[in-house]
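Remarks on the structure that follows.
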Amino acid sequence: MSKVADSRNTHWVNRTPSFLRPYLQLSRLDRPVGYWLLALPGWVGLMVPSWLCRPGWQVWSPLYWGGLILIGAVAMRGAGCTYNDIVDRDLDAQVERTQSRPLPSGQVTVRRAWLWLVAQLAIGFVVWLALPWGAKLVAFASIPLVAAYPFMKRITWWPQVWLGLTFNCAVLVAYAIKTGGLDATIGLVYAGMAMWTVGYDTIYALQDLEDDAMAGIRSTARRFGSRVRSGVALSYGLCVAAITAGLSISQMPLAALAVIPFAIHLFWQVMKLRSDDRRGALRLFKSNGWAALILAATLALVQTAVTQA
């Protein structure tokens, strides 16, 4: 078996040589929305307004650091997925959507998966070395969150909360790159982005409700049950409230206006959500890449307008 169940036949990964393909699938390179959902919060962090930027910060600096964040996101998301698959290989074998992944299907041995993990971590380490010291410390502090995440679905009904705290560390890292430190503004934005992740990953988990129940895998989708739309709406509502509050106390309070298009997109997702529509759930989940890009772009526009006024 050379293709995993939730990967498109037309994706370039599924046309690579057979000896390489399972490793690229371990890294989920055939599902790019994952690394965009890791990188785009970093772009949001770069766009959160602040007059107190590090010495040497220039107009073009977000382009350089945004590119570096994307490279780091691809490497670290791949490493995280590889690690997750190593830990979850027995559970993945019990879930229809994941039993064709390289480890449970036997395409890759556990030893070779560990070696592939180390190779990706090496790329992430090179990116980490390029960061300013304040951002280095923030990135280093996220390691325990990453390491513990695969076990959360075994011990709590709220693994999506842990994922939100983990996946959005790039917001903090990016802001520390820009300003040299952290403050209440970015703390609230980080909390809001974490709740955004709770919402979209609850939608994603709707694909596996029956199999997760049989395998004993816990999730907010199962916890919310018949009230899953209300649960997603609450998560998104808290997300918008926290980000708006953070930007309102920033050095450019008008930046809070940038949340409006993002909030409209999240509202659209809630209106479209159907708990019994697996394909629809996957489409809504993937649309969150656009949601984050909208937030980053509108933040950039508002910040440019304010600084030129």
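Of note:
- With respect to the conditions (1) closer than 30 Å to residue 217 by Cβ; (2) at pLDDT below 90, residue 53 falls short on a single one, namely (1).
Residue-by-condition table, conditions (1) within 26 Å of residue 285 (Cα to Cα); (2) of a type in the set (S, T, N, Q); (3) assigned to a helix (DSSP H, G or I):
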{"residue": "104", "(1), (2), (3)": "yes, no, no"}
{"residue": "112", "(1), (2), (3)": "no, no, yes"}
{"residue": "115", "(1), (2), (3)": "no, no, yes"}
{"residue": "129", "(1), (2), (3)": "no, no, yes"}
{"residue": "135", "(1), (2), (3)": "no, no, yes"}
{"residue": "153", "(1), (2), (3)": "yes, no, yes"}
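- Residue match in the stretch 48-66 (condition: buried (at least 18 other Cβ atoms within 10 Å of the Cβ) and of a type in the set (D, E, K, R)): no
- The stretch 213-238, subset surrounded by fewer than 19 Cβ atoms within 10 Å (Cβ to Cβ) and of a type in the set (S, T, N, Q), residue nearest to residue 88 (Cα to Cα): 226
- Some residue of the stretch 51-62 being under 25 Å from residue 145 (Cα atoms) and in contact (Cβ under 8 Å) with a residue 24 or more places away in the chain: no
- Count - residues of the stretch 58-91 that are of a type in the set (Asp, Glu) and more than 20 Å from the chain's Cα centre (by Cα): 1
- Wholly enclosed helices (runs of 4 or more DSSP H) of the stretch 157-206 bearing at least 2 residues among the small types (Gly, Ala, Ser): 169-179, 184-205
- Residue list for the stretch 127-146, filter: surrounded by fewer than 16 Cβ atoms within 10 Å (Cβ to Cβ) and in contact (Cβ under 8 Å) with a residue 60 or more places away in the chain: 130
- Selection status of residue 246, surrounded by 22 or more Cβ atoms within 10 Å (Cβ to Cβ) and over 23 Å from residue 146 (Cα atoms): yes
- Selection count, the stretch 13-57, where residues are among the small types (Gly, Ala, Ser) and more than 25 Å from the chain's Cα centre (by Cα): 2
- Residue 264 falls short on exactly one of the conditions (1) over 17 Å from residue 192 (Cα atoms); (2) surrounded by fewer than 19 Cβ atoms within 10 Å (Cβ to Cβ), and that condition is (1).
- The stretch 16-42, subset of a type in the set (Phe, Trp, Tyr) and assigned to a helix (DSSP H, G or I), residue farthest from residue 107 (Cα to Cα): 36
- Residues of the stretch 175-194 satisfying the condition of being surrounded by 24 or more Cβ atoms within 10 Å (Cβ to Cβ) and within 14 Å of the chain's Cα centre (by Cα): 190, 192, 193, 194
- Residue that is nearest to residue 58 (Cα to Cα), among those in the stretch 171-202 that are among the polar types (S, T, N, Q) and touching a residue at least 60 places away in the same chain (Cβ under 8 Å): 179
- The listed residue being within 18 Å of residue 170 (Cβ to Cβ) and of a type in the set (S, T, N, Q), out of 99, 120: 120
The values are calculated or read from the model by the stated rules, or taken from the named source; none is laboratory data. Bear in mind the structure is a predicted one, so any value in this text is a computation, not a measurement. Cβ: placed from backbone, ideal geometry, glycine included. Neighbour counts: every protein chain shown.
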